[in-house]
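Trainee: Once you've had a glance at the structure underneath, I'll fire off some questions.
The values are calculated or read from the model by the stated rules, or taken from the named source; none is laboratory data. Worth saying up front: this structure is predicted, and the values here are computed from it rather than measured. No Cβ is skipped: glycine too gets one built from the backbone with ideal geometry, and neighbour counts run over all protein chains shown. Ligands, DNA and RNA are excluded from the accessible area calculation, which covers all protein heavy atoms including side chains. Shrake-Rupley method; radii C 1.70, N 1.55, O 1.52, S 1.80 Å.
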Amino acid sequence: MSPPVSQDCLQVQHFEASVLQTEWAGRPCGIWGAGRDGRQFLNALTPESKERVTAFYDIDPNKIGSSIHGIPVLSRDKMQLPVVICVALDREEWAESIPEALAELFEQPPIVGVDYYQMV
């Protein structure tokens, strides 16, 4: 008998099928959040999808300049789209500030569901 599949893993599988293999097909992408949630998201991806992740982005100076499974952790101001957001959104201030933070980084404000998705 196979081990049970976690809800997080099911979400990632759905994201891969509905976004990575369709609208973002063939495009490199990044992950905003080099902490626990970003690493868990990466680890839940299929090997083919993992190959498309080109960078993690974070604001923590202790993480910037490091790497996760060979993928560099860059500062948020180096962010390129598309990006999957895997930061601790259980804190209200983060959830509300994501669109504002992204708008500060790009000439044209990124569009949720097109340029970025929030996974946490």
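Trainee: Could you give the semi-axes, largest first, of the ellipsoid that matches segment 14-120, computed as the square roots of 5 times the alpha carbon gyration tensor eigenvalues and rounded to whole Å?
Mentor: 19, 17, 13
Trainee: Highest first, please rank the peptides 24-35, 62-73, 104-115 by the mean number of other Cβ atoms sitting within 10 Å of their residues. Mind showing how you got there, number by number?
Mentor: Values: 24-35: 18.7, 62-73: 14.2, 104-115: 12.0.
Listed from highest to lowest mean packing, they are 24-35, 62-73, 104-115.
Trainee: Relative contact order of the chain, please, whole-number percent, based on alpha carbon pairs below 8 angstrom and at least 6 residues apart. Walk me through the intermediate numbers first.
Mentor: Values: 151 pairs, mean separation 28.9, N = 120.
Reported relative contact order: 24 percent.
Trainee: What does the charge add up to near residue 16, with Lys and Arg as +1, Asp and Glu as -1, over the other residues with Cβ less than 11 Å from its Cβ?
Mentor: That sum, taken over residues with Cβ under 11 Å, equals +1.
Trainee: What is the distance, in nm, between label points placed 7 Å from the Cα along the Cα-to-Cβ direction at residue 13 and at residue 62?
Mentor: 3.5 nm
Trainee: Ok, one more. Where the accessible area of segment 9-105 is counted over protein heavy atoms with a 1.4 Å probe, how much of it, in %, is carbon and sulfur?
Mentor: So the carbon and sulfur contribution to the accessible surface is 49 percent.
Trainee: Which whole-number percent gives the relative contact order of segment 17-77, counting Cα pairs below 8 Å spaced six or more residues apart? Intermediate values should be presented prior to the final figure.
Mentor: Values: 72 pairs, mean separation 19.2, N = 61.
Taking the mean separation of contacting Cα pairs over the length of segment 17-77, I get 31 percent.
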